[in-house]
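K.L.:
One structure is given below, represented as C-alpha cells, and several questions about it will come after.
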Amino acid sequence: MASQSQGIHQLLQAEKRANNKLEEAKKRKGKRIKQAKEEAMAEIDQYRMLREKEFRLKQSKTMGSQSNLSEEIEEQTLGKIQELNGSYHKYMESVMKQLLSMVCDMKPEIHVNYRANM
C-alpha cells in the first residue's frame, strides 16, 4: 500500500508540475501577444504619421496652387474690367450720337404695307 500511495503521490506531483508548466506557457504566450500588439500599434502609429505628413504636404501644394490660381483669376478679372472701362470711354460718345440721331432725326415714311382706303 505504501508503494501505491507513493505512486499516487508521484502522479499528483507530476500533474502539479505539468499544470505549473502550462501556466508558465500561458503567461509567456500572453506576454508575447501583448508585445506583438504593442509592436503592431507602434508600427501603425508610425505609418499613420507618415501618411498624415504626405497628406499635409499634398494639401499644402494643392492649397498653394489654389491661392495662386485665385490670384491669377483676380488679376485677369481686373484686367478685363479695365479693358471694358477703356472701351466704354472710347466708344461712349459715338454711340450716344448715333442713338440720339436715330431717335431725334426721324424721317416720316409710309410703311410699305399701308393701303389707303378710298
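K.L.:
For the chain, with every protein chain kept in place, what is the accessible area per residue (1.4 Å probe, Å²)?
P.N.:
Values: 12210 Å² over 118 residues.
Value for the chain: 103 Å² per residue.
K.L.:
Mind checking the full-extension length gain between MET106 and LEU84? Use 0.36 nm per residue of separation minus the Cα-Cα distance, one decimal, nm. Can you show the working numbers first?
P.N.:
Details: separation 22, 0.36 × 22 = 7.92 nm, distance 3.14 nm.
Net length gain for the segment: 4.8 nm.
K.L.:
Please report the projected area of the chain's Cα convex hull averaged over all directions, in nm².
P.N.:
Numbers: hull surface 98.5 nm².
Its Cα hull, projected and averaged over all orientations, spans 24.6 nm².
K.L.:
Still on this structure, I have one more. Only Cα pairs within less than 10 Å get springs; with that Gaussian network setup on the chain, which residue of SER60, SER70, SER87 has the largest fluctuation?
P.N.:
SER87
K.L.:
Then there is this: Leaving out ligands, DNA and RNA, and with a 1.4 Å probe, what % of the accessible surface on the chain is carbon or sulfur? Walk me through the intermediate numbers first.
P.N.:
Numbers: 7060 of 12210 Å².
That fraction is 58 percent.
The values are calculated or read from the model by the stated rules, or taken from the named source; none is laboratory data. Since the structure is predicted, the reported quantities are computational estimates derived from the model, not experimental observations. In case anyone asks, the SASA skips ligands and DNA or RNA and just uses the protein heavy atoms, side chains included. Shrake-Rupley method; radii C 1.70, N 1.55, O 1.52, S 1.80 Å.
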